[in-house]
Amino acid sequence: MVDYQYLLDAGISRKPNSGEVFTEELNIKLAIMNREQLKKDFFPAELMLKLYRDLADCGAEAKIKLIDEYIEKVRDSYDEDVLFIKQHNQIAHMHFMSGQHEQAISYFEMVVEKMAPDDYPPIYFLAINLLIRSNCILTNYDVAKQWGELALKNHHHADPISNLHILNDYMDVLSETETDLDKKHYSVIQSIIDEYGFPEKLRDPVETIRSMNKRHKIWARKMGDLTLNYAKPDGAATFEDLERYIESCEIGWYRNYARNMLDKLKSN
């Protein structure tokens, strides 16, 4: 069982091992991780296609076997901490996708305990996001709250959309327990609005978060469709499609992204 309050208070990646004391020297030691390896694409595309397409209907065990086999093949080429995080994170996702939430929780916890928030935020915060969701599904509401508080305490390491996803799942927990969001977190909501250019105004925090989450899904999906169409050999999308997206999009970040995309395409 993870000592969540310890993680919150210490603001570090894991608890000490038996007899271990967090001295300055140890903190420096724990901070040493090959972050460049951690940030790189790790699993080959062929393996990911097997896991998420070819074996989509198979149980988690068959997928985990492939993950473990690949880890053994590359073990001598990677930092041990990086291998541990990549392996356990991917196994956690396999359990989560199979609805095996207790197992997913166990593996996601190991990932978070091994990392500091700024080691590689995409892995760290997605793991916490799914810890919140899995614990909520299992009605472990107090534990889910603690993960939510840990994520929000370190929100400055995450990108705005990761924070939005965490807040959206955290709202599910607070709704189930009839608890209000602590006002100290309102600034996180406002930062998402400001940094991404959402049109929402922060009044009711629950309504604001739900609205932003829904709006983001709509415009992210539309951008994804446009990007895929432009990648097709027949050039299914046109400049006009992007221009219409720019005119109608309600989120500033996506409008700017689409403008940059259109400028690059026109310059080719």
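The values are calculated or read from the model by the stated rules, or taken from the named source; none is laboratory data. Computed from a predicted structure; not experimentally measured. No Cβ is skipped: glycine too gets one built from the backbone with ideal geometry, and neighbour counts run over all protein chains shown. Protein only, heavy atoms only, side chains kept; ligands, DNA and RNA dropped before computing areas. Shrake-Rupley method; radii C 1.70, N 1.55, O 1.52, S 1.80 Å.
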In the chain, if the dipole is taken from +1 on Lys/Arg beta carbons and -1 on Asp/Glu beta carbons about the Cα centre, which of Pro160, Ala116, Gly148 is farthest to the positive end?
Pro160
Show me the ranking of peptides 123-133, 32-42 by mean Cβ neighbours inside 10 Å, starting with the highest.
123-133, 32-42
Using a Förster radius of 45 Å, what is the FRET efficiency between Glu69 and Thr238 based on their Cβ-Cβ separation? Nearest 0.05, please.
0.50
How do 168-179, 83-94, 110-121 rank on mean C-beta neighbours within 10 Å, highest first?
83-94, 110-121, 168-179
More than 24 angstrom separation, counting every C-alpha pair in the chain; what % is that?
58
Length added when fully stretched, Leu47-Lys264, from 0.36 nm per residue minus Cα-Cα
74.9 nm
Work from the charge dipole of the chain (Cβ charges, +1 for Lys and Arg, -1 for Asp and Glu, about the Cα centre) and give the residue of Asn229, Phe239, Ala104 farthest towards its positive end.
Phe239
Quick one: length gained pulling Leu55 to Asp142 fully straight, 0.36 nm per residue minus the C-alpha distance?
27.9 nm
For a label point 7 Å from the Cα of Tyr186 along Cα→C-beta, name the residues of segment 205-225 whose backbone N is under 18 Å from it.
205-212
Out of the total accessible area of the chain (probe 1.4 Å, heavy atoms of protein only), what percent is carbon and sulfur?
49
Exceeding 19 Å between C-alpha atoms, which entries from my cross-link table qualify? They are Lys217/Lys266; Lys50/Lys222; Lys39/Lys222; Lys153/Lys184.
Lys217/Lys266; Lys50/Lys222; Lys39/Lys222
Label points 7 Å out from Cα along the Cβ direction at Ala62 and Asp79: separation in nm?
3.5
Bin width 10 Å, alpha-carbon pairs only: give the P(r) of segment 50-128 as whole percents, running from 0 to the bin holding the largest distance.
19, 48, 31, 2
Whole-Å distance linking the alpha carbon centroid of segment 95-131 with that of segment 40-54 is 19
Segment 179-268: which GluC sites (Glu not before Pro) are DSSP loop and have at most 14 other beta-carbon atoms within 10 angstrom?
Glu250
Using θ = phi - 60° and the Karplus curve 6.51 cos²θ - 1.76 cosθ + 1.60, what whole-Hz ³J(HN,Hα) does each residue of segment 250-258 get, with Gly and Pro shown as x?
9, 10, x, 4, 6, 4, 5, 4, 5
Could you tell me the largest-minus-smallest coordinate of the C-alpha atoms of segment 150-217 on each of the three principal axes, in descending order and whole angstroms?
31, 23, 21
Per residue, how much accessible area does segment 118-173 show when a 1.4 Å probe rolls over the protein heavy atoms, in square angstrom?
32
Provide the per-residue ³J(HN,Hα) series for segment 129-140, in order, calculated from phi with Karplus coefficients 6.51, -1.76, 1.60 and θ = phi - 60°, each as a whole number of Hz, with x at glycine and proline positions.
3, 6, 5, 4, 5, 5, 5, 5, 4, 8, 6, 8
From the backbone phi of segment 46-60, what are the Karplus-calculated ³J(HN,Hα) couplings (6.51 cos²θ - 1.76 cosθ + 1.60, θ = phi - 60°) in whole Hz, Gly and Pro given as x?
4, 5, 5, 5, 4, 5, 9, 10, 5, 9, 4, 8, 8, x, 4
Please state the charge dipole magnitude for the chain, taken about the Cα centre, from unit charges on C-beta atoms (+1 on K and R, -1 on D and E), reported in debye and rounded to the nearest 20.
740
